[in-house]
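> Can you keep this structure in mind? I'll have questions shortly.
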Amino acid sequence: MTRGADPAGAAIERVRDGLAARLSGRWTADQAPAVEAASAAMLAAGAPLVIDLSGLARLDTLGAWVLERTRAGLPQGTAYAGAAPEHLILLREVAYREAAPAARRRRLHPLDPVAGLGSGVRSLGRQGLAGLAFLGEVVAGCLRVLARPRSFRWPALINQIEQIALRGAPIIMLIAFLVGCIVTQQGIIQLQRFGAQSYVVNMIGILSLRELGVLLTSIMVAGRSGSAFTAEIGSMRMREEVDALRVMGLDPIEILIVPRILALMLALPLLAFLADLAALAGGALTSLVYGGLSLEAFAFRLQNAIGLRHVLIGLIKAPFMALIIGIIASVEGFMVEGSAESLGRHVTASVVKSIFMVIVLDGLFAVFFAAIDF
């Protein structure tokens with residue numbers, strides 16, 4: 001068959017119910033000029049048509065798209081007739097869709113802020129319930145691990161502890177050291193006005209052990225390890241690896257989440273203790289440089305200012321903060337959809353929510369320990 005054979009055509013005929021367009025020839029890309037001419041002839045009819053496809057020799061994507069465009073340009077009531085099944089499939093795939101009309105601009109209402117607040121509270125409640133439900137799944141996964149210790153992925157736990165604690169310790173200790181230097185330096189400057197610069201030891205000791213060390217550590221872990229958890233789980237969601245685990249009869253909570261959360265709860269107290277030591281070292285160095293307080297005098301006054309309870313307060317907080325970070329990071333990871341934009345959005349949400357909840361939890365602990373005079 002030559003290239004110019006079976007040119008596209010459309011014969012407009014009057015039938016009992018109105019007008020019909022009987023198509024013929026090859027409605028394909030190599031017949032584009034003839035296809036456009038036949039489309040113009042149908043549009044010139046200016047009335048609803050029955051488009052009869054029974055005489056088509058061949059139809060490709062271009063022909064189907066022109067037909068759909070023509071049908072959309074004709075009055076309502078235009079329909080196809082005599083189409084082969086393969087033609088109907090192609091026409092459905094290239095269905096002509098007009099752009100959605102622009103939404104009408106909504107006028108502001110005085111109660112819009114109140115409605116926004118209510119919507120935010122409702123969303124926060126849903127997220128809280130989702131977090132509690134996920135915590136229940138994690139607890140159930142831990143119980144299954146205790147029932148079958150041999151099924152637990154110990155190498156994954158060790159690897160996560162290495163990633164969180166061993167590789168995260170240098171940067172966390174450095175930041176705690178610098179913050180300890182800054183807080184001590186500012187404390188000395190203020191206390192010198194009253195001739196009480198030696199009391200800066202009490203300040204930096206209690207502040208570091210009770211609040212500063214564990215809070216700085218938790219914020220750093222939320223930004224470093226929490227975001228990594230969300231990104232890893234989210235990437236597995238995008239590649240459907242989580243669904244593959246379920247198909248193989250494996251529990252994603254037990255395989256992916258339990259080792260990560262246990263590693264966080266083991267590593268965060270250790271990192272918090274190292275951060276305490278680094279902050280105290282920064283305070284001692286700054287006291288020596290700015291306050292003229294020797295290291296021996298700093299250590300002696302520190303021993304009198306703090307007790308074991310101050311150390312325990314910071315270490316008691318750490319596992320709970322680790323649990324909060326792990327739950328939020330995992331929930332956000334499982335909420336990732338199939339796009340890079342969704343992954344970035346949920347990683348950001350994971351870090352922001354984790355830091356916010358860590359600070360809230362630290363405040364609750366402060367109120368609790370003050371209430372019991374501990």
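> If DNA, RNA and ligands are ignored and the probe is 1.4 Å, what is the ranking of ARG246, ARG153, ARG210 by accessible area, most exposed first?
Numbers: ARG246 130, ARG153 100, ARG210 45 Å².
Descending accessible area places them as ARG246, ARG153, ARG210.
> Right, another one. Can you give me the solvent accessible area of LEU215 with a 1.4 Å probe, rounded to the nearest 10 Å²?
40
> With a point put 7 Å past each Cα toward its Cβ, work out how far GLN127 is from GLN192 in nm, to one decimal.
Modelled inter-label distance: 4.5 nm.
> Could you check the spin-label model distance between VAL360 and GLN303? Points 7 Å from the Cα along Cα→Cβ, value in nm.
Each label point is offset 7 Å from its Cα along the Cβ direction, giving 4.3 nm.
> Suppose accessible area is computed on protein heavy atoms with a 1.4 Å probe; arrange ASP373, ASP112 from highest to lowest.
Largest to smallest exposure gives the sequence ASP373, ASP112.
> Can you sort VAL360, VAL121 by 1.4 Å-probe accessible area, starting with the largest?
These residues rank, largest area first, as VAL121, VAL360.
> Springs between alpha-carbon pairs under 10 angstrom, Gaussian network model over the chain: which of MET173, MET248, MET321 fluctuates most?
MET248
> Another question about this same structure. Would you check the accessible area of TYR290, probe 1.4 Å, heavy atoms only, in square angstrom rounded to 10?
Around 130 Å² of this residue is reachable by solvent.
> Right, next: Taking the Cα centre of the chain as origin and charging only Cβ (+1 Lys, Arg; -1 Asp, Glu), how large is the dipole, in debye to the nearest 20?
560
> For SER235 and ASP112 in one chain, what is 0.36 nm times their gap in residues minus the Cα-Cα distance, to one decimal in nm?
Value of the extension gain: 40.6 nm.
> Would you work out which of ILE206, ALA72, ILE164 lies farthest towards the positive end of the dipole of the chain, given +1 charges on the beta-carbon of Lys and Arg and -1 on that of Asp and Glu, about the Cα centre?
ILE206
> Kindly report, to the nearest 10 Å², the accessible surface of LEU288 as traced by a 1.4 Å probe over protein heavy atoms only.
Per-residue accessible area (LEU288): approximately 80 Å².
> Further question on the same structure: Among ILE257, ALA222, LEU288, flag the residue with its Cα farthest along the positive direction of the charge dipole of the stretch 186-307, charges on Cβ as +1 for Lys/Arg and -1 for Asp/Glu.
Most positive-ward Cα: LEU288.
> Do the sum for the chain: with -39,500 (n - 2.57) for every DSSP H run of n ≥ 4, divided by all residues, what is the mean residue ellipticity at 222 nm, to the nearest 500 deg cm²/dmol?
Values: 14 runs with 242 residues, N = 374.
That comes out to -22000 deg cm²/dmol.
> Using Cα pairs under 8 angstrom and six or more residues apart, how large is the relative contact order of the chain, in percent?
It rounds to 16 percent for the chain.
> Could I have the simple spin-label model distance between LEU312 and ARG92, label points 7 Å from Cα toward Cβ, reported in nm to one decimal?
For the pair LEU312/ARG92, the computed spacing is 7.0 nm.
> Could you work out the percent of alpha carbon pairs in the chain separated by over 25 Å, rounded to a whole number? Walk me through the numbers before you get to the answer.
Values: 48552 of 69751 pairs.
Every Cα pair in the chain considered, those over 25 Å come to 70 percent.
The values are calculated or read from the model by the stated rules, or taken from the named source; none is laboratory data. Bear in mind that the values here come from a model prediction, so they are computed numbers and not experimental data. Counting neighbours? That spans all protein chains shown, and the Cβs are built from the backbone with ideal geometry, glycine included. Areas reflect the complete protein model, heavy atoms only, side chains present, ligands, DNA and RNA absent. Shrake-Rupley method; radii C 1.70, N 1.55, O 1.52, S 1.80 Å.
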